[in-house]
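A.B. asks: Please find one structure pasted underneath; my questions will follow.
The values are calculated or read from the model by the stated rules, or taken from the named source; none is laboratory data. Keep in mind the model is a prediction, meaning the values are calculated, not measured. Here the Cβ positions follow ideal geometry from the backbone for every residue, glycine too, while neighbour counts run over all protein chains shown.
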Amino acid sequence: MNSRTFVLAFGLSAAVFAALPAVHSSAQESDRSNLLAVERRTIEIFERVSPSVVQVVGRKSSGDVFSTDENSENLQSGTGFIWDAMGHVVTNNHVVQGTNELAVRLASGEAVRAQVVGVAPTYDLAVLRLVNPRQLPPPISSGTSSTLKVGQYTLAIGTPYGLTQSLTTGVISALQRRLPTRFGREIANVIQTDAAINPGNSGGPLLDSGGRLIGVNTAIFSPSGANAGVGFAIPVDIVNRVVPDLIRDGRVPTPGIGLVPAAEAVATRLGVEGIVVMRIVPNSPAARAGVKGVNADAGTIGDVIVKVGGKKVHRIPDLTDELERVGVGGTIQLTLKRDDKEYSLDIAVVDVARPAAQRANQNSQ
C-alpha cells in the first residue's frame, strides 16, 4: 500500500486466560464531587459499558486455548463486545481468522469457550456465540454513524496488548475514510479517531459521549505498529446491517455482476480513463449482458467501464460502492466503452459469493 502502513489492531502474543487477572469493581465509590462534569460522565460511561466488553483469544493450531503456556506463538487476541441477550459477541474477522479454538474472557473474570457464528471478511466483522456463560452482561446500546460530526468526543474500550479493560478517549478526526481489506474491496465511510487504538483493541467498541456504539475499532495507521493518533473504526451503520445477516445465515451477501476488474495500475499504464474489465465469470449477469473482458491471445482490451449509474468512475471502489448501494436483487447501469464507442447496459446484481447453482435455483423461483 505504497508508504502507508495499516496495522490490524490485535495482539499476536497475548497472555493466556489462566494468567489474566479477573476484573473486580470496588464496592466503595470515591468522592467525585470535585471532578469535572466531563470526567464524571466518562467514568459513568466506562462503568456502564465496560462490563459488556470482552477479550477474545484464539489458538491458531491444535491444542487447548486455555493452556497456561504464555509464550505460545499460536495465540492471537483482540476485543469484542456483547451484541444481544442470546450471547452473541461482535469482533473483527481478523481477530478470529485462522484460529481453531476461541475463548472469551468476560469483564467479571469468567472465561468461556466461544464458537464462530459467521464472518464477513469484506467488512472485517465476525460474530461469535458464548458457550454456556454463567452470567451474561447486557448488550451495548447502538447509536448511528450517519449523523456523526468531526470533533465529537469518542471513547474506545478494549484489551490492548492483552491488558484488560482499557479506556482511551479522543475525538472524531475525520469521516468517510476508506479502509482496504485483504479481499479486494474497501470498507467505506470509515471513522477516523485520535483515541488511542493499539494492538489488541481490534473488535472493541468506539462510543460517543452518550456511551452509544458508533463503530468497531479495527486498525491503526502507523509505520511503527504503535498508536500514532490515527485509528479507524467500522461505522455502526454497517455493523447494524451486517451482523443480523451473520447471526441468521452465517454470511452476508456480496453484491456483484460477475466481472473481474483489472488493477487500477493497468488503466493508468494504458492511458485509459475508467475501469478495465479483465475477465467475465461464465453464466454471470455480465456474461449474459455481453460484457467483454481482455483478450489475452490478441493482446487487446475489451470493455472499459466509464460510468456507473450515470456517474464517471475512476477507481474500482466507485463500482463496488454502487453495487453495495443497489444491493442484491437490484439493477445497476453501466456505461461501457468499446472500440471508442460508448453504450449502456442495465445488469442485474446478484450475490456473487453464493454458488452459481444456488443462484440459478433462486432465479427460477
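A.B. asks: Can you spot a residue in the range 275-294 that is in contact with a helix residue (DSSP H, G or I) (Cβ under 8 Å, 6 or more places away or on another chain), in contact (Cβ under 8 Å) with a residue 40 or more places away in the chain and either surrounded by fewer than 14 Cβ atoms within 10 Å (Cβ to Cβ) or farther than 30 Å from Leu125 by Cβ (or both)?
C.D. replies: The answer is yes; a qualifying residue exists.
A.B. asks: Then there's this: Regarding the range 63-76, can at least one residue be identified that is modelled with pLDDT of 85 or more and surrounded by fewer than 13 Cβ atoms within 10 Å (Cβ to Cβ)?
C.D. replies: Within the range 63-76, not a single residue is modelled with pLDDT of 85 or more and surrounded by fewer than 13 Cβ atoms within 10 Å (Cβ to Cβ).
A.B. asks: Take Arg325 and tell me if it is of a type outside the set (Asp, Glu) and within 22 Å of Val266 (Cα to Cα).
C.D. replies: It is false that Arg325 is of a type outside the set (Asp, Glu) and within 22 Å of Val266 (Cα to Cα).
A.B. asks: Give the residues of the range 123-142 that are closer than 24 Å to Glu324 by Cβ and buried (at least 20 other Cβ atoms within 10 Å of the Cβ), sorted by residue number.
C.D. replies: Listed by number, the residues that qualify are Tyr123, Asp124, Leu125, Ala126, Val127.
A.B. asks: If you don't mind, there's one more thing I want to ask. Quick one: count up the residues across the range 233-257 that are among the polar types (S, T, N, Q) and part of a helix (DSSP H, G or I).
C.D. replies: Qualifying residue count, the range 233-257: 1.
A.B. asks: Being charged (D, E, K, R) and out of contact with any strand residue (DSSP E or B) (no Cβ under 7 Å at 6 or more places or on another chain) is true for just one of Arg315, Arg251. Which residue is that?
C.D. replies: Going through Arg315, Arg251 in turn, the sole match is Arg315.
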